[in-house]
1. Take the residues of segment 575-598 that are under 10 Å from GLU554 (Cα atoms) and either of a type in the set (A, V, I, L, M, F, W, C) or free of Cβ contacts under 8 Å to residues at least 12 places away in the same chain (or both): which is most open to solvent (accessible area, probe 1.4 Å)?
2. Test ALA546 against the criterion of being without any contact (Cβ under 8 Å) to a residue 40 or more places away in the chain and in a helix (DSSP H, G or I), and give yes or no.
3. When the residues of segment 316-353 are narrowed to those that are among the hydrophobic types (A, V, I, L, M, F, W, C) and in contact (Cβ under 8 Å) with a residue 40 or more places away in the chain, which ends up most open to solvent (accessible area, probe 1.4 Å)?
4. Quick check on segment 125-181: of everything there that is open to solvent by less than 10 Å² (accessible area, probe 1.4 Å) and farther than 30 Å from SER107 by Cβ, which residue is modelled with the highest pLDDT?
5. Given the criterion part of a helix (DSSP H, G or I) and surrounded by fewer than 17 Cβ atoms within 10 Å (Cβ to Cβ), identify the matching residue among ASP903, ASP912, ASP872.
6. Given (1) free of Cβ contacts under 8 Å to residues at least 24 places away in the same chain; (2) part of a loop (DSSP other than H, G, I, E, B), identify the lone condition not met by HIS831.
7. Considering segment 361-396 alone, what residues qualify as being within 41 Å of the chain's Cα centre (by Cα), within 17 Å of ALA128 (Cα to Cα) and acidic (Asp, Glu)?
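The values are calculated or read from the model by the stated rules, or taken from the named source; none is laboratory data. This structure is a prediction, so every number in the text was calculated from the model and none was measured. Counting neighbours? That spans all protein chains shown, and the Cβs are built from the backbone with ideal geometry, glycine included. All accessible areas refer to the heavy atoms of the entire protein, side chains included, with ligands and DNA or RNA removed. Shrake-Rupley method; radii C 1.70, N 1.55, O 1.52, S 1.80 Å.
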Amino acid sequence: MVTLTNGHSNGLNGHLSPRPAPIPERFADIPPAMDIPVSGGDVEEAVEVNLEELLDDPTELCTLLENENVAKSFWMTIALAYAKQRKVDHAIEMITKGLGAHQRGKSEDKLSLLACLCWLYLWKCRDAPRLRPEGHSASEARNKEFFIQAATSTLNEASRISPSYPPLFLARGVLNLLRASLQFPKTAAGQQDNLERAEILRQAARCFEDALRTSNGKNIMAVMGKARAFYSLGKYAEALHNYQLVLERAPELVDPDPRIGIGCCFWQLGYKEDAQGAWERALELRPDSKIANILLGLYYLHSSAQYPTTDPQFAPIYKKAMTQYTQKAFKLDDKLPLTCATFGSYFLLRKAWPTVERLARRAIESTDVSAIASDGWYLLARKEHYERDYAKASDYYGKADQARGGDERGYLPAKFGAAQLKTLTDDPDGAKARLEKIVQHVKSIEAMTLLGTLYAADVFSNSEATSKEDRATALKKAIAFLEQVRIAWKDPKRNASPDSSVLLNLARLYEFDQPEKSLQCLQQVEQMELDEIPDEEYPEDIEDDAALKSALREQLSPQLLNNMGCFYFQADKLSEARAHFQVALNASVKAREKDSTVDDDALVTTISYNLARTYEAEGMLDEAKKVYEGLLERHPSYTDASIRLTYIALRQSPSDAGPKAMRELYEAEPSNLEVRALYGWFIGRAKKRTANMAEDQEQRHYKHTLQIFDKHDRYSLTGMGNLYLATAREMRRDTDQEKERRSKTYTKAVEFFDKALQLDPRNAYAAQGLGIAMVEDKKDFTGAIQVFSKVKETLKDASVFINLGHVFCEVKQYARAIESYEAALSKDRTHDPQILACLGRVWLQRGRVEKSLSAMKTSLEYSARALEAAPDQVHFRFNVAFVQIQIAQLIYTLPEGNRTLPDVETASQGLDEAIETFSAIAKGPNPPFPRSDIEQRANMGRNTMRKQLERAVQSQREYEQKNASRLESARQQREAALRRREEERKELETREIERRQKIKEERERIAEEDRKLADRLQEEAKAREEADYTTDEETGEKKKKEKRKKAAGGKRKKKGTEDTDTEGEIAVDALDGEGARKSRQRSAATSTTPASDGEDRPKKKKRRKLERKSKGADKFKSAETVVDSDTDEDAVVVMNGNARLAEKVRRATETEGGDDNEDDDGEDADATVVRPRKKPPRVIDDNEDEDDDDDEEDADVASPPAAADDPGPEAEQAEADVSMVDETVAAAGSENAPDS
């Protein structure tokens, strides 16, 4: 945010000033007039010179100043007055003569004049042309290089007088900046020049550092120069820091304005909005700033480029850039190079060529920035490009590219323009070389689009010079580049709009190999055109989306819709194809209404023909005939429509109207190759079979076509190959000579197929013929499968799948053969008897191999369907009878368990039918096999197989009767077993339910006992608590009972005493809680009561040692804690003879005479809860050598009780054992007790 003061932002980075500073102007210290003293005797006289209206010729002023020998300040003031009026040449003349007048003057005066002259030369260098004007010699040229040399000479002369003169450092830095600006940035081959330019800029930065040093950091212009040097070096962050430093020190500085440099640094660093803010602030402080205006114009031009030209936001932003800022900057200074280059691009779009050239020349000649010069050359190149002067355009494109570094850097639009020129001058190889070089460094969408289009043109061209390998390579590259363009469209950073030409080229490239991708490209183009339809052209009163889209499609290109329909037709999506063709017809009519120049007749004719072909493919022959007839009414010579009508007639009436129409068409168009192809197909269907190839009518027709009309007719070549193939198939092969003759016939067929494939590599019919020859002649089933599989991808015809089925059947892959035959049957030929017969044959072979009755039945079903489709064909009747015989044989050989009585009876009936069929075929004309063989097969069925099946029927009936009784018995046993299992399962479930119920009840009982026990323990605890409290006589409040102190001279209570009332209560509690301890594994014990210690041990006689009781023993209780030691001499607890250490035994100890806090704690710890033990611990005393004092103290400690019943050695040992207490613990517990 920019800080505001009184509503106005001041400076950058929040700089504030107490009041708006006045905007200083250059030459503000030049007075309007000055008096020049003259020598006139004793009286002082002066000549007044008006500095605002100086003479055009300064000769008189120079003569006056020389005669009067005035000081150097007069020379400089008048010279600067001329410079203020932009008469820099007169100013230079004044300073030059001033130097002559002060040739023998002071060095300081000469240094001032030389510094002033150097700055004037630098000023002239900024305004001088970059190039030598045409018509001027090198000596007369006053370009930038001339003034740089003059400034250098002047600076060297001043340096010889005093090299450390402070103003010279600043001048030397600016001179280096100008010298570096005249060198184009280079890369690669020009790396040395680039290094030289960078060294000049670094030298300029050092000069500015020297200027800052001599001025103690106060020279603001030196900081500005240093920032400019860093900017030219590409160190934008350092440049930004220096510009901000200038603004911080001098916020009122506007000429030059550091905000301009700050904005440029922000722009280069990618902060476009911050750059805009800096430039707007500069414009606010100085509304007539031409630099701020043009830079803001460029900002808004960049913003408008983020939107497509069709976007509503584009026009306002572009208009603001050109009219509000660029035009204003041009009015302020029509010679500013950046403004001229920017305005020239606008006039380039308007095709105002003279204006473009004038502005471009001005930008090139006046600028000292290489990028602006590059823009000027580019404008000239585009102008010459439009005017078709390709030589000049190529030269200018090269200069524009070199001005920005050329090679890898350079100017991308200039490189692309040069590639376009190569295309226009019929040099596609040169264009591709340039474009590929561009794409290697920059993934330019335009370059990839043009490059992909050029490679696509190589694919589409029919040039014989292009080999198949080159065309395949071009295809891959074209698809790769154009697909990269499609991917770039999806990148939001690119902000690129899809181009329909790219998609159309891709659709053509994918047409043959990947037609589904072609259709996708066309669908994307369709969606793009639908999106471009304005809302006002949407039809009204249509709510259904499908109907709305269909209505909108009528406004699209009919060619696009027709092509989409063709792809749908090839993909067997006939309904979608028909819909697109119908919409395309309506679109053709509307296109004619919008543009009268559109040839709608050609469009309507083509689309109508495609629509009729779709009707024909869908089986709608009547609709197709209507369309064809309509086409012939409009164009009687439309032969393709006549051919399709004749073909429909042949299909609908193959014996009457069809042949008649065929003869009429052939007589009308005997030389038309399409007509001759249809006639050849008709002859092949209607001719009589003959073994002599020379007498074959179809062969003579194809031979006549190849000899007379076109020797490269692909249909005739393929037809000849098929004829030789069929002839070879029927030839005998009993002897070697016959086999050789047959092989030569196959070779002849292959030659015709090869010739057809050479003319058309995509001729699937010829390729299929090759595959057939490979199978029948060479038995190359693997190669044939590969050929047919490839043909299947391009030729959607049933014959391909039939051939595949044949080959798979030969290699005994019956499943794949059946799949292929089924695919052929689905190709709109559901009643083709040949395919049905093939399916019957392959199912029969599969049934034989697998001995499957179901496969045999399927074979019989297909054979019957084939006979139904062609009842007059004798061989189909033979096939049915043959399958019935095979079923009868299989039924007889099957085990009784794998067949049923109905199957045997059905086979017997089929056998009878087969016998009758064979007998009829043998007696009829033209049997498919020798009559004797057929009669012999019928007799075998009549005499042998019939008896076998009769026996099979009888045995099967007996088997099934026996098997039925066994099955009934097994069924009953199975049902009984199932019932028994069910009863057992139910019984187990009942037991499980009862068990769970008992567990639930037991858990509830235990929970109830636990609740009762908890309530009782709570009541007992409450009772003990009430016993420990008493009522205060004074306040009436309850308070804890106070313990009485032990009488003086008494001894501390003995350990293990149990004669207090409290001790007895705890012991009782411990005994009462025995059940709870067992159920929850808890144990309560006290130090004085042995009840808890003897729960699990064997009962023994108890022996109790007499204990001395103190005076107050009935009022105070004590507890002891036996603390285990870390040494081996301490007590060791042994459980059940286990060697592991038992848990530490805890006993509460309480000393007599303790303080109140200890009494409180002691009373709360009357009982100690420990883990349950199976046996009581036995404490072993190893310290028998204690002192007498210890023995006396130990006499007060109660020993563990012995067994009650048997006072044996264990009891004596237990009686002798004494519990030992750690002295440290005892002392700690008795620190407040009185001495015993």
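1. VAL589
2. So ALA546 passes the test.
3. LEU332
4. Among those residues, the one meeting the criterion is ALA180.
5. Residue meeting the stated conditions: ASP912.
6. (1)
7. The answer is none; no residue qualifies.
Every residue, every condition in (1) closer than 30 Å to ASN194 by Cα; (2) crowded, with 21+ Cβ neighbours inside 10 Å; (3) over 42 Å from the mean Cα position of the chain (by Cα); (4) aromatic (Phe, Trp, Tyr), yes or no:
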{"site": "MET221", "(1), (2), (3), (4)": "yes, no, yes, no"}
{"site": "MET224", "(1), (2), (3), (4)": "yes, yes, yes, no"}
{"site": "ALA239", "(1), (2), (3), (4)": "yes, yes, no, no"}
{"site": "CYS264", "(1), (2), (3), (4)": "yes, yes, no, no"}
{"site": "ASP274", "(1), (2), (3), (4)": "no, no, no, no"}
{"site": "ALA282", "(1), (2), (3), (4)": "no, yes, yes, no"}
{"site": "PRO287", "(1), (2), (3), (4)": "no, no, yes, no"}
